[in-house]
Amino acid sequence: MNNKTQPSPTSIKALKQLTTEKLVARLRIGVESIDPRIFELTDEQLNQAWTPEANTGLWPIRVVLGHLADVEIVFATRIRKIFAEDSPTLQLFDEHAFIDSPIYGCTQNSTMSPPIGGDIATIHTLRSWLIAFLYQLEPEHWQRAGLHPDHGPVTIQTLAIYNCWHLERHAYFINKKTEKILGPRPTPSPTPSPTKPPCESKGCDKPSCQCTHN
């Protein structure tokens, strides 16, 4: 049995309605939102660019994963900087410079082919590290702000919301690409209920024992 079509990614507006506790719980999902079958893809499939007609986003899967890892670094650094400093100015991140460089592979004349396992491990580790920090924030900490050169004041809560949305949205398109290549993601088989080990003594008289005593 296969899952239904990928649901649309959650909107920023919907994430803004979450309490900070529910937001952190949502952030914990992290790389689990990405189809694990990406590890079954060949280098050619990971490096494949996509056309607008495919409606899956244009970037190759390998590029998207590298981008996600770099952006996790950016969000974690910005959030911790705002917590530690008073109204700091945040450094810009030029994602297009990274995309156009050879750093993710897949660009013309690039000899690089970064392993996607490193990207997934980076995303998972940084997200876990950030969540452990966010769990300890007091309510007033979430409203501490830094100055973004393009967007003005941004709070820790706003950055956490955009961090959550950013990964979920890219995961949505990664999963659409993976389904185009491998077909719909199979539904996991239900885990069977554990069976109790046989009783080693006869006549134990335990009500919970399901053994038959002869």
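Quick note: the coordinates plus some simple rules give every number you see, no bench work behind them. Because the structure is predicted, anything quoted here is derived from the model rather than measured. Here Cβ is always computed from backbone atoms with ideal geometry, including for glycine, and neighbour counts include all displayed protein chains.
Under 8 Å for C-alpha pairs, at least 6 residues apart: give me the relative contact order for the chain, rounded to a whole percent. Present the calculation step by step, with values, prior to reporting the outcome.
Numbers: 224 pairs, mean separation 70.5, N = 214.
Computed value for the chain: 33 percent relative contact order.
Once you sort the root eigenvalues of the Cα gyration tensor of the chain as a ≥ b ≥ c, which label holds: rounded (a/c under 1.5), prolate (a/b larger than b/c) or oblate (the other case)? The partial results should precede the final answer.
Working: a/c = 2.50, a/b = 1.41, b/c = 1.77.
Because a/c hits 1.5 or more and a/b fails to exceed b/c, the chain counts as oblate.
Taking 0.36 nm per residue of sequence separation and subtracting the Cα-Cα distance, how much length would be gained by fully extending the chain between L92 and Y135, in nm to one decimal? Please report the intermediate quantities before stating the final value.
Details: separation 43, 0.36 × 43 = 15.48 nm, distance 2.63 nm.
Going from the current span to full extension adds 12.8 nm.
Highest mean first, what order results for 171-178, 84-91 on Cβ atoms within 10 Å?
Numbers: 171-178: 20.9, 84-91: 11.8.
Averaged packing, sorted descending, gives the order 171-178, 84-91.
So which DSSP H runs in the chain come out at 30 Å plus along the axis (Cα) with average Kyte-Doolittle of at least -1.0?
Working: long enough: 61-84 (35 Å, 1.03); 156-182 (38 Å, -0.25).
For the chain, where a helix must reach 30 Å along its axis and average at least -1.0, the hits are 61-84, 156-182.
Note the count of lysine pairs whose C-alpha atoms are less than 18 angstrom apart in the chain, limited to pairs 8 or more residues apart or on different chains.
Working: K4/K176; K4/K177; K4/K180; K13/K22; K196/K206.
Total qualifying Lys-Lys pairs in the chain comes to 5.
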